[in-house]
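Everything below concerns the one structure shown next.
The values are calculated or read from the model by the stated rules, or taken from the named source; none is laboratory data. As the structure is a prediction and not an experimental result, all values here were calculated from the model. Cβ sites come from the backbone with ideal geometry, for glycine too, and all protein chains shown count toward neighbours. With ligands, DNA and RNA removed, areas are computed over all heavy atoms of the protein, side chains included. Shrake-Rupley method; radii C 1.70, N 1.55, O 1.52, S 1.80 Å.
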Amino acid sequence: MSKLLVTATGLAAAAALAFAGTSAGVQAASTTVLPAGHSFAAKLSGKATFVAGSTTMTCTVSASVPTTGANNKVPAAPANHNDAGPVSAPINPPTFSGCSTSIVGVSVTVTTNATNGAWSLSAQNGAPAGGAITIPKGGVVLKTSGLAACTLTASPTGPTAVNGGWTNGAPSSLAIAGAPVPATGTGGFLCPTGNQSATFSATYQITDTTDPAQQITVTG
């Protein structure tokens, strides 16, 4: 296992974000996220698949949901609008469960944390609209056990934004496809060690938990 490839089909900021489709030197469009002040959940649609070399790991559940405090809330007006760029909100670290691997005798667990900084979800109005989830330093840790006891840490040196496309709907969704994520590996035989090249893909449904009859939408 020489590389970590992370793919989630059907997930995902405390850093500046470069959204797909925005060229260098071009000012981003104005963005408004509605409803202002409403709480939201991000829940994986489908399954999450993590691949390390020839090894595939699949998780059936992933979500970031509101609890207490300011996380998972659309900013209150006027902070829910940005004249020239994305609107960002801190979120609780997404959880992963129901995980398995493609190798007999190898199990895996995925844990997330906000020890070194906040997770966040950002949205950018445009044609098409964009979105991103930012992973803080060391915010995702994958551990295998059994025939291969390895530890893979995503975003080991600082925050990483994983960019994707936003679609308004009922519910709205954030789809991330092949966004690069740095990682580092440790462990013994069969483990990827040192700096690794990773990618992350995911589709999360974004739902309004303050008023389920409304939708979280991105406009100008």
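Here is how the numbers come out for the structure above:
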quantity	calculated
Test result for P94, surrounded by 19 or more Cβ atoms within 10 Å (Cβ to Cβ) and modelled with pLDDT of 95 or more	yes
Given (1) closer than 26 Å to G69 by Cβ; (2) crowded, with 19+ Cβ neighbours inside 10 Å, index of the condition D211 fails	(2)
Looking only at region 102-124, and only at residues there that are hydroxyl-bearing (S, T, Y) and more than 16 Å from S62 (Cα to Cα), the one that is least open to solvent (accessible area, probe 1.4 Å)	S122
Extreme residue, nearest to Q124 (Cα to Cα), among residues of region 156-172 that are among the hydroxyl-bearing types (S, T, Y) and crowded, with 20+ Cβ neighbours inside 10 Å	S172
Region 143-157, residues that are in contact with a Pro (Cβ under 8 Å, 6 or more places away or on another chain) and either assigned to a strand (DSSP E or B) or at negative phi (or both)	C150, L152, A154, P156, T157
Selected residue (criterion: most open to solvent (accessible area, probe 1.4 Å)) from residues of region 181-207 that are within 18 Å of the chain's Cα centre (by Cα) and not hydroxyl-bearing (S, T, Y)	Q205
Number of the condition not met by T115 [criteria: (1) within 19 Å of S64 (Cα to Cα); (2) among the polar types (S, T, N, Q); (3) in contact with a Pro (Cβ under 6 Å, 6 or more places away or on another chain)]	(3)
Some residue of region 125-139 being among the polar types (S, T, N, Q), part of a strand (DSSP E or B) and open to solvent by 10 Å² or more (accessible area, probe 1.4 Å)	no
Check on T67, open to solvent by 50 Å² or more (accessible area, probe 1.4 Å), among the hydroxyl-bearing types (S, T, Y) and within 20 Å of T210 (Cβ to Cβ)	yes
Hey, I216 closer than 18 Å to H81 by Cα and either surrounded by fewer than 18 Cβ atoms within 10 Å (Cβ to Cβ) or of a type outside the set (S, T, N, Q) (or both) or not	yes
Those residues of region 158-180 which are part of a strand (DSSP E or B) and either of a type in the set (G, A, S) or closer than 18 Å to V74 by Cα (or both), in sequence order	A161, G164, G165, W166, T167, S172, S173, L174, A175, A177, G178, A179
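This table checks each residue for (1) surrounded by fewer than 24 Cβ atoms within 10 Å (Cβ to Cβ); (2) touching a Gly at 6+ places or on another chain (Cβ under 8 Å); (3) under 18 Å from S45 (Cβ atoms).
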{"site": "D83", "(1), (2), (3)": "yes, no, no"}
{"site": "S145", "(1), (2), (3)": "yes, no, no"}
{"site": "T151", "(1), (2), (3)": "yes, yes, no"}
{"site": "A175", "(1), (2), (3)": "yes, yes, yes"}
{"site": "A179", "(1), (2), (3)": "yes, yes, yes"}
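Here's the yes/no breakdown for (1) modelled with pLDDT of 95 or more; (2) in a loop (DSSP other than H, G, I, E, B):
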position: S122; (1), (2): yes, no
position: L190; (1), (2): no, yes
position: S197; (1), (2): no, no
position: A202; (1), (2): no, no
position: T207; (1), (2): yes, no
position: A213; (1), (2): yes, yes
